[in-house]
Amino acid sequence: MFVISFFESEKEGFLNFLYNIRLPLWVLQEHFWKGFSFMNNEKYMKIAIELANRGKGKVYTNPLVGCVIVKDDKIVGRGWHQYFGGNHAEINALINAGENAKGADLYVTLEPCNSYGKKPPCTLAIIKAGIRNVFYAMSDNNVSYGKEVLKKNGVSIFGGLLKKQARILIKDYLEYLKNKPKISVKVAMTLDGKIATYKYESKWITSEKSRAFVHKMRSQYDAVLVGTNTVLKDDPFLKTHSKTLKNPVRVVIDSKLELPRSCHLFDATVPTIIIHDSNITNIPGYLNKKGIILAPIDINMARKDFGIIVRKLNSLSIKRILIEGGGEVVASALFSNVVNDIYFFIAPKIIGGRFAVSSVGGQGVEKICESLIVKNMRVRKIGSDLLITGSIKNKNE
């Protein structure tokens, strides 16, 4: 008894392979040609690829994925990953198919996931629906044993169907997987280190050129993160403000889910992740909508270790994070030793005032020897401002 994953090669290569190993005709009929053909399989996978493309510009950092469900040579379910944080393609197709999914074949452009992230594993839904065969185009090294779990539960798996076309479909996702985690802090402050007046006014400290520079910076990150106070005081959009640059996912730490529904972050134009205390059970109704993802954590532990927030975002496919939060969020991240590099924009202005908001809050260090060390510092002029960049020296170095 053996299994051949026959879609990994082109059709001609596969036929030559069959010829060379001289399989008996009855084996071919029994195991390969009964009930399906290359032509039909490719036809259905092409439809899945077309469906996947409908999610363009809406799902990053997730991959584009499409799915069709076929029974008795008729499509009974269609679905695709529609937006970041939404149902996976398989789930949407299964919902569309309903009871017709039982005993049907499922064609999907990427191997079904078997891990808990923003949504439960697709493998469980596929098994529960009674799918007979699963055909996928590309394996996904970012999932955990999807095909193995399906096989173990009696679902036949066939991989590599239209693999080249599917690879082109998810090229951005494959590049994303190569990225190493990166946490950056961006601060816009005056010469005396203030980010707002004692009345919390902060628009605008830096020049228009500096702000345009930051807008472009955002496109290089998976997410931009701020705290509750920044949203309440500034009500930012946190976008690139560009028709050509991609917008990052927006992340806000709102421990008690108290931000008003009128906030720009809730406008559904860009996905928004809300980090909140896991003890909060009364979720405001306006947060249960497309484009908003709730991410519960132990907020008290996170105040001591910002790494908890970073790891939570990593589990949601967010690896490159630009922190634009206020002084308290910046301090928490810096002194939790999770920050890789900094971008401090310094405007030629002096605010003064003991109650004006400082760029780095928190309790601070007790001794100078406990200070964070910035290395590889560089200075450049942007408009009327100075931009100081550098990397944070690891405590273990």
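The values are calculated or read from the model by the stated rules, or taken from the named source; none is laboratory data. Source: prediction; values computed, not measured. Neighbour counts run over all protein chains shown; Cβ positions are idealised from the backbone, glycine included. Ligands, DNA and RNA are stripped out before the accessible areas are found, and what is left, the full protein with its side chains, is counted by its heavy atoms. Shrake-Rupley method; radii C 1.70, N 1.55, O 1.52, S 1.80 Å.
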7 Å from Cα along Cα→Cβ at both Asp277 and Lys375: what's the point-to-point distance in nm? 3.9 nm
About the Cα centre, and with charges only on the beta carbon of Lys, Arg (+1) and Asp, Glu (-1), how big is the dipole of the chain? Nearest 20 debye, please. 680 debye
Assuming R0 = 45 Å, can you tell me the calculated FRET efficiency for the pair Asp73 and Lys178, based on Cβ-Cβ distance, to the nearest 0.05? 0.70
Which distance in nm do the two modelled labels at Asp267 and Lys216 give, with both placed 7 Å along the Cα-to-Cβ direction? 2.3 nm
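List the relative contact order of the range 300-397 as a percent without decimals, with contacts defined as Cα pairs under 8 Å and 6+ residues apart.
Working: 106 pairs, mean separation 28.7, N = 98.
With pairs under 8 Å counted, the relative contact order is 29 percent.
Note down the relative contact order for the range 242-386 as a percent, whole number, built from C-alpha pairs under 8 angstrom at least six residues apart. Intermediate results must be reported in sequence, preceding the final value.
Details: 137 pairs, mean separation 23.5, N = 145.
Relative contact order, the range 242-386: 16 percent.
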Share of carbon and sulfur in the accessible heavy-atom surface of the range 72-154 [1.4 Å probe, %]: 44 percent
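List the relative contact order of the range 37-94 as a percent without decimals, with contacts defined as Cα pairs under 8 Å and 6+ residues apart.
29 percent
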Which chymotrypsin sites (Phe, Trp or Tyr not before Pro) in the range 311-383 sit in a loop by DSSP (not H, G, I, E or B) and have at most 10 other Cβ atoms within 10 Å of their own Cβ? Phe355
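Set the bar at 30 Å for Cα to Cα. Now go through Lys216/Lys349; Lys163/Lys312; Lys209/Lys289; Lys256/Lys367; Lys43/Lys151; Lys102/Lys171 and name every pair that lies beyond it. Intermediate results must be reported in sequence, preceding the final value.
Values: Lys216/Lys349 24 Å; Lys163/Lys312 32 Å; Lys209/Lys289 35 Å; Lys256/Lys367 34 Å; Lys43/Lys151 24 Å; Lys102/Lys171 33 Å.
Beyond 30 Å between Cα atoms: Lys163/Lys312; Lys209/Lys289; Lys256/Lys367; Lys102/Lys171.
Hey, with R₀ at 51 Å, roughly what FRET efficiency would Lys256 and Gln165 work out to, going by the Cβ-Cβ distance, to 0.05? Working shown, then result.
Numbers: r = 47 Å, r/R0 = 0.92.
With R0 = 51 Å, the Cβ-Cβ based efficiency is 0.60.
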Would you be so kind as to identify which of Pro248, Val270, Gly160 lies farthest towards the positive end of the dipole of the range 138-286, taking Lys and Arg as +1 and Asp and Glu as -1 on Cβ and the Cα centre as origin? Gly160
Expected vector for the range 55-64, Karplus 3J(HN,Hα) from phi with 6.51, -1.76, 1.60 and θ = phi - 60°, integer Hz, x for Gly and Pro, equals x, 4, x, 10, 10, 4, 8, 7, x, 6
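Between Leu232 and Asn337, what is 0.36 nm times their sequence separation minus the Cα-Cα distance? Round to one decimal in nm. Show your work: numbers first, answer last.
On the way: separation 105, 0.36 × 105 = 37.80 nm, distance 2.70 nm.
Extra length from Leu232 to Asn337 when fully extended: 35.1 nm.
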Tell me the label only: which of (1) 1.19; (2) 0.97; (3) 1.03 is Cα Rg over 2.2 N^0.38 Å as calculated from this structure? (1)
Check Val185: other-chain or 5+ apart residues with amide H under 5 Å from its amide H, H built from backbone geometry? Ile323, Asp341, Ile342, Tyr343
Volume per residue (Å³) of the convex hull spanned by the alpha carbons of the range 53-105 is 63 Å³
Considering the options Gly79, Pro296, Ile351, tell which one lies farthest towards the positive end of the dipole of the chain, charges being +1 on Lys and Arg and -1 on Asp and Glu at the Cβ, about the Cα centre. Ile351
